[in-house]
Every structure is written in structure tokens, then in C-alpha cells.
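As C-alpha cells, the structure follows; a few thoughts come after it.
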Amino acid sequence: MYGGQKALDHLNLNVKEGDIYCLLGANGAGKTTTINLLLGFIEPTSGTAFINQLNVQENLKHTKKFLAYIPENLMLYPSLTAVENLDYFSGIAGKTFSTPELKGFLEEAGLQSEAFSKRISTFSKGMRQKVGIAIALAKEAKVLLLDEPTSGLDPKASNEFGRLLRKLKDKKVATLMATHDLFRAKEVATHIGIMKDGQLKQQFVAGDISLSELESAYLNTMDYKEVAP
Amino acid sequence: MLSYNFKYELTLLLRSRWIQLLSLILVLLFGFSTYNGLKKVETRQDSIIKAKDEVKESDAMMLKLLDSVERGMEVSASSWTIPSSPMAVGNYHPRVAAMEQQPMSFIATGQADLFTHYVKPTVSGDDASLNFTEMTSPVQLLFGSFDLAFVIIYLLPLLIVAFSYNVLSSEKESGSLRLLASQPIGLQHWVLQKLVLRFFWLSLLVLVSLTLVFLVLGLDPFGEPTTFFGLVGLILVYMLFWFALSFLVNIWVGSSAKNAVALLGLWVLFVLLVPSILNQLGNSLYPMPSRNLMINEMRTMKAEVTEKQNEILDNFLRDHPEYALNDTTQSRGFYHRYMASQNLVKEKMAPILDSYEGQLQNQQNWIGKFKWLSPAILVQESLNRMAGTSKENYENYRKQVVAFAGEWRQHFMPFLYNNKDFSQLDYPNIPEFNYEPKAQNSWVSIPPLLLIALGLFGLGFLGSTMRRTHSIIMDS
């Protein structure tokens, strides 16, 4: 329940290591609520969320050691550089790295080396998302929660972000991504779910469905009726 | 987490133009207020020196006149001012009873703008009508003095509010709170650490600024290390109180705007309202007897005793046979009758003066009981004591002056009633006033203030553990 309304209803979702699970759905479908639940930002009125086999509500602090989160608008400290932000967020998560190691993570996340020592205030959204990925890499996160990470990114940056996700998949990271972007979901996901009114209406293995079939399934779920020209 | 917060909090503070501006303002405020305080002390000290120089000149003139009189020469002066008359010496050549300025007087004006710091008691003057009131500008009384105490008590909390009102809310508003909350940290711990670190850096800034200002203005802060570090200690516990309030507000209130309004409201409450209300209630519960009525009463008594001066003098001489016996001339004039009646006036005025002082004491006791409601009162009291300008200091000075006035009068009484001339040989025996500052514990407010601040931190922390992290993140 959220704000007196049923935000999630009989949601049964399992994301295994190495999976990239994309949650599709209109605004208010419950995608962000699902992520908030896994982050422990909201408490379920019934049901349980697990991360790495640990009950989130009972092990709030412990489960956060395994996860990384990138919101739609990743806000870092604008007056700190990329290296400093990475050092700070890794540090408060209990991970200590040397400057070369921190630069290595940023490089792995695809950030250009000349940006390492620049203040975040000069960064584009795509560059900030890369620092977010570097935080996940440094944290050695087993679970990655992404809330509309590609919204507002240009196609090149969005494509680059997809490439990074596949790199994390190879590292056996379990990724749950809430998105509106059907094309990107089809491109990077191993599994796709369509949500509506807090319920998971349909699930697919991404390889078993074409982009047009996915689009039809999505529109049917949303009860979208094409208006005649 | 602490080491990373420690490292990056300083980096963030140093890179924030707003914080840089606040730091500069703090240094300027400390500098100007200390300079202002020093100037005021210098003015007071100069006026004391000037008064003492006048006495020296007047004494030199008196000794010259005495020399001429003793040589049997004619002197061109009014008969009642010739210093061979003991009453002329007692009335026209009084000593300066000065409240000497203390080493730290510049930090707090205290009662110095209400009371004078020197008087010249005369033999025929009344103790009750000794004027201790300073000539002041009403505008200055309205706005107060811009001294270090004003900066510490009134302005420093505002700087702390500016430093700390949005520690949590700015993260919420910028969006970085969700990223922070996804880390394995307790948000309450994180906020507490951030505020403790800001307290630490601001404390360092205060210490460095004060030291610099003192050195630039030619004061040696380490000349009296106990006093200097006592002052710093008092400032730090006062700052800790405001940081504790800020912690409570950061955890319990919401947006930056609401936090700022809440903290400014608390500033108005603790710095302005509580002291004013206590003062008003003290005046209402224990009203002071009218000074005009007291003066009228005294005049009526004087008029009554003037009519009975011969009778009063007889009674006085009966009580003091040593005067009547030692005088061969038995000549009695105006001053013999006047001084005898003065004693009677003093005795009759005693109950009125006692009731005046009693009410004053009652008021002070009442405020003393409730001063704990406002740390601003506690700090002002401590700073005044440190400066030697507290109400106790002025009360102590007033009592010393009244005692000296009595001593001064008594010194000339045997000359008067024995009809003995004052001579150059008697000059070295004239009583001198030596002000003895009252030793007061200025640090007495530090432990209770520290306890209040730690209590507030404890309360905030306890309360915040009852408030779940998700409510801090999701509330907006």
C-alpha cells in the first residue's frame, strides 16, 4: 500500500545472477515502487522482498552491501570530482581504494580519462550515469537496481549504457531495470516483465520475443487503442 | 564512514562559496566587535585617568594653598574653599573611586553602559544619592553594544543556522539522498556525523579567527591562557547547543525552507523571547520601589531634620563625647549640625533603601532560577562575569564606593568636631579608594550548557531511531 492505494499487488518476481530483468509499464504501474521496496525505502504491508537470500526488511543495512542503485537522475556532489565522488561513495560503503584503482573503475565504466578530475557539476547525465556504474563496480555489487536510467540520454549514450549493462551481466550481476524504453529493453534484457496497476501482467524471456511482438504485448496490456487517422 | 565524511566534508565546505562568505563574515564580525569593545574600554580608562589627573592637579593647588595659609599669608579664595577647613577638603578635593577595567572587559559591555565606572564621594553627599548612572545615548541603549558578547550570543547562532539548516534536506532536494540511502549506512548516524564535523570545522574557524583577531589588535591570547581558552570553551558549548537544535530540526522537520524557519523561530525564542519574558515577569512580580518617591522621602526627612538641627547636634555629641571633650573652643557651625543630621537621615532612610535592594535581589533571584531556560542568558552572564561588567561586579563596586564614602566622611569628622584645621601634614593620611574586583566563576555555565546540548543530541538520536529511514527518504 502506498498513499492509501494498493501500489503492488501479488507481485512475484525473481531476478537471478547474470539476469537483466527489464520492467516495462506506464507511469504509476508500480515499477519504481518495486525498486523502492528492494531498497528498503518503503515497507510492504504484506509479502517479502529478498536480496541475496536475505529478507530486505529484516536486514536493511546488510542487503545494501550487495546492491547498487542508479536513479533516473543520478545526483552526485557537484563540487567534488568524479574520482572524489567515487572515493566517497565507496568509502562510506566500507570499500577503500587507491586513486589508480578508482580511476580504473571509472575507465571500466567508460568515462573518458580527462573527465576523472573534473567536477561533477560539469558532467552530462550520461557521464554521471557512468560514475554510478563505477560506484557499482567498486562496490562489487551483486544486484543492480536501475530506475529509468536511459531516460533523457541521447541514443549514443543510451547505447553505451546498454553495453555497460552487458559487461555487468558477464560479471554475474543481477540487474533489475525499470524503463519505458521498449527498444533498449529488448536490446539488453534477458527477461522482460510488463506491469500495470501494481501487477506483473506478462513476463517474457527476451530472446523468445521480437521487438514488434513485445510492442504489441505492451500495448495490449495497456489497453491501448489505435486512433484512426 | 567517519573518516570519509571527515575528509570530504572539509573539501565540500572549502569549495562552497556560501561557506567561504560566512567564514569571512565571522572573521569580520569578531574583528569589528573586539575593536569596538577595546575602544570602549579605552574611553572608560581614559576618563578614569583624566579624573585622577584632575585630582592630582586639585591636590597640588590644595597643598599650595595650605602652604600659604600655614605661612600666615593671604590667599585669594572663598573662605569655605580654603583647605585648612576639613569640610573644604572633604567636599572640594574628593578622591576618585574608580572601577578599574579588567583584562577582558572588552568582550562584554554588560552593565557598563548603564552604570558609571567612577564617582567622587564627598563628605556632605548622601550615599543614596551617589550617582552611579552612566550618561548614555538612548539610541545605544535601544540597540545594545556591538561587542564580542553580542556577536557570540546573537549572531553566531545565525551563522550556525546558515551552516547547518539543510544538511539533510539539501541532499533530499538535490536527489543525492536516495543514492546515499542505498548505501549500507544509517542516515541518522550520517546526519549526526555531518553536523559533528561541521561543528568541528566551525569550532576550528572560531578558534583561529579569535586568535588572529586578538593578535592583530595587539592582545596576547596566550598571555592569560585560562581566560582565553575559557572564553573559547564557553563559545564552543554554546555552539554545540545550536548544533544540537539543528540536528533535531534536520531529523524531524522537512524541507530546507521549513528547517530554516524552525531554526530561526528557535533563535527568536531562546535569544529574544525567553530573556524578555523573564525580565518582564521579574519586574511585574517584584516591582522596584519608585526612585522618585525615595528621593522625595529623603528630602522630606532632610527638611524635618533641618528644623531640629540643634537638638540633633546635642544628641549626636551626647553619643560622641570624645568630640565634645577634645575641643576646647566648643564652637559649632553649619557643618557640625549638617553632618550630625546626615547620620540621622541615613538611619531613617535605611528601611527604604533596604526594601529597594531587597526587591532588586528578589528580581535577580527570580531570574536566576529560570535563567536555565535560555542558554543566551547563561552565556551573557558568563561573558559579563569574565569581562568584570556583570551586575554582581557593579553591585560589588557600588558597595565598595559606599564603604569608601563612609570612610572618607569618618576621616574628616574628628577634624570637624574637634575644630581642628587640616594641614599639609595630614595630607598623606587621606584615604584612597582601591577597587577590589570580585572573584567570580565565569565557567560555571559550561557544564550545564554542555549537558543541555548533549541531552538534545541524545533526544534527537533517540527520536530519530524511532523514525524509520524510509520515512526520512519518502517524506518531502
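The values are calculated or read from the model by the stated rules, or taken from the named source; none is laboratory data. Computed from a prediction, not measured in an experiment: that's the story for all the values here. Positions of Cβ are backbone-derived with ideal geometry, glycine not excepted, and every protein chain shown enters the neighbour counts. Ligands, DNA and RNA are stripped out before the accessible areas are found, and what is left, the full protein with its side chains, is counted by its heavy atoms. Shrake-Rupley method; radii C 1.70, N 1.55, O 1.52, S 1.80 Å.
Over all distinct Cα-Cα pairs of the range B:381-429, the Kirkwood formula returns a hydrodynamic radius of 13.3 Å. Build a GNM of chain A with springs between Cα atoms under 10 Å apart, and of A:Thr63, A:Thr190, A:Thr99 the one that fluctuates most is A:Thr99. For the protein assembly as shown, carbon and sulfur atoms together expose 58% of the accessible surface, with a 1.4 angstrom probe and every protein chain in place. From largest to smallest, the equivalent ellipsoid semi-axes obtained for the protein assembly as shown from the alpha-carbon gyration tensor read 85, 25, 17 Å. The range B:305-377 gives an Rg/Rh value of 1.37, both radii derived from C-alpha positions and Rh following Kirkwood. Taking a straight Cα-Cα cut-off under 16 Å and skipping sequence neighbours fewer than 8 places away in the same chain, the aspartates and glutamates within cross-link reach of B:Lys391 are B:Glu100, B:Asp113, B:Glu134, B:Glu357, B:Glu381, B:Glu436. Hydrophobic, long helices, defined as DSSP H runs whose alpha-carbon span along the helix axis is 20 Å or greater and whose mean Kyte-Doolittle value is at least 1.6, occur in chain B at B:187-216, B:225-252, B:446-466. For the peptide B:369-379, the mean number of other protein chain Cβ atoms found within 10 angstrom of a residue's Cβ is 0. Averaged over the residues of A:71-78, the number of partner chain Cβ atoms lying within 10 Å of the residue Cβ comes to 5. Global size of the range A:76-139: 10.1, 28 Å for Rg and Dmax (C-alpha atoms, Rg to one decimal, Dmax whole). The alpha-carbon positions of the range B:185-275 define a convex hull whose volume is 126 Å³ per residue.
Bridge orientation summary for the protein assembly as shown: considering DSSP beta bridges with both residues in this region, about 40 percent are antiparallel. Of B:Lys258/B:Lys369; A:Lys6/B:Lys258; A:Lys61/A:Lys196; A:Lys95/A:Lys142; A:Lys31/B:Lys194; A:Lys61/B:Lys194, which pairs sit farther than 24 Å apart, going by alpha carbon to alpha carbon? In this structure, B:Lys258/B:Lys369; A:Lys6/B:Lys258; A:Lys61/A:Lys196; A:Lys31/B:Lys194 exceed 24 Å between Cα atoms. Rounded to the nearest whole angstrom, the semi-axes of the ellipsoid equivalent to chain B, taken from the Cα gyration tensor as √(5λ), stand at 62, 24, 15, largest first. Put simply, chains B and A cover up around 2900 Å² of each other's accessible surface, both sides summed, when a 1.4 Å probe is used. When chain A is treated as a Gaussian network with alpha carbon springs shorter than 10 Å, the biggest mean-square fluctuation among A:Ala174, A:Ala115, A:Ala206 belongs to A:Ala115. Protection proxy ranking, highest mean first, for peptides A:10-19, A:160-169: A:160-169, A:10-19, where packing is the per-residue count of other beta-carbon atoms within 10 Å, averaged.
Against the empirical 2.2 N^0.38 Å (N residues), chain A has a Cα radius of gyration ratio of 1.03.
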